[in-house]
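Engineer: If you scroll down you'll find the structure; I have some questions about it.
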């Protein structure tokens, strides 16, 4: 009877019998197909998040005929200064000294003025924002976020042109202009 010697011992007697190893090859075509199917499925079924933006409508400079009359007692004017500081006052400029605060405290002031006005007159607070030349865009976005958080329903008036001398003097005295 013939015997097949598969040992790799080189003809030595008593060597270990070793099996010939076949090369291992894995076909990944099916896995790649599955990966592309999953990617396509999730791309088509998920909705991309859309950025949420706040609408700001500023009137044209040319339309000076249309003016909105505001009651001074219902307006809160916020002046944006440097070093992340704001000055605010209720009513007319020059009649009271503006309060100087940081962005951490302005929310409480807005809420307090809003609540006081609602309790006493049952009217909504109207906010006028006046950015100065020394304020930055981040401060403007932060104050708009604060108005949104505090629930101010009326659209804020943005006045970057008419900053009164009394407002400038008060901000200079506080060191934020």
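The values are calculated or read from the model by the stated rules, or taken from the named source; none is laboratory data. All values reported here derive from a predicted model rather than from experimental measurement. With ideal geometry, Cβ positions are generated from the backbone for all residues, glycine too; neighbour counts draw on all protein chains shown.
Engineer: Can you find even one residue in the stretch 38-58 that is at pLDDT below 80 and surrounded by 10 or more Cβ atoms within 10 Å (Cβ to Cβ)?
Structural biologist: The answer is yes; a qualifying residue exists.
Engineer: Still on this structure, please answer the following. Here's a check for you: in the stretch 86-111, which residue that is in contact with a helix residue (DSSP H, G or I) (Cβ under 9 Å, 6 or more places away or on another chain) and in a strand (DSSP E or B) is farthest from residue 162 (Cα to Cα)?
Structural biologist: Residues of the stretch 86-111 that are in contact with a helix residue (DSSP H, G or I) (Cβ under 9 Å, 6 or more places away or on another chain), as a first pass: 86-95, 97-101, 103, 106-107, 110-111.
Now drop any that are not in a strand (DSSP E or B), which leaves 86-90, 99-101.
Values: 86: 17, 87: 15, 88: 15, 89: 16, 90: 17, 99: 19, 100: 20, 101: 21 Å.
If we take residues in the stretch 86-111 being in contact with a helix residue (DSSP H, G or I) (Cβ under 9 Å, 6 or more places away or on another chain) and in a strand (DSSP E or B), then 101 is farthest from residue 162 (Cα to Cα).
Engineer: While we're on this one: Failed condition for residue 83, given (1) in contact (Cβ under 8 Å) with a residue 12 or more places away in the chain; (2) surrounded by fewer than 16 Cβ atoms within 10 Å (Cβ to Cβ); (3) part of a loop (DSSP other than H, G, I, E, B); (4) touching a helix residue (DSSP H, G or I) at 6+ places or on another chain (Cβ under 9 Å), with all others met?
Structural biologist: Against the list (1) in contact (Cβ under 8 Å) with a residue 12 or more places away in the chain; (2) surrounded by fewer than 16 Cβ atoms within 10 Å (Cβ to Cβ); (3) part of a loop (DSSP other than H, G, I, E, B); (4) touching a helix residue (DSSP H, G or I) at 6+ places or on another chain (Cβ under 9 Å), residue 83 comes up short only on (4).
Engineer: Please pick out the residue among 176, 158, 129, 152 that is surrounded by 12 or more Cβ atoms within 10 Å (Cβ to Cβ), touching a residue at least 40 places away in the same chain (Cβ under 8 Å), in contact with a strand residue (DSSP E or B) (Cβ under 8 Å, 6 or more places away or on another chain) and more than 20 Å from residue 71 (Cβ to Cβ). Spell out how you get there, then give the answer.
Structural biologist: Numbers: 158 fails: more than 20 Å from residue 71 (Cβ to Cβ); 129 fails: more than 20 Å from residue 71 (Cβ to Cβ); 152 fails: more than 20 Å from residue 71 (Cβ to Cβ).
Of 176, 158, 129, 152, the one residue that is surrounded by 12 or more Cβ atoms within 10 Å (Cβ to Cβ), touching a residue at least 40 places away in the same chain (Cβ under 8 Å), in contact with a strand residue (DSSP E or B) (Cβ under 8 Å, 6 or more places away or on another chain) and more than 20 Å from residue 71 (Cβ to Cβ) is 176.
Engineer: Then there is this: Applying the selection to the stretch 112-165, what residues are over 19 Å from residue 83 (Cα atoms), within 21 Å of the chain's Cα centre (by Cα) and assigned to a helix (DSSP H, G or I)?
Structural biologist: 147, 148, 149, 150
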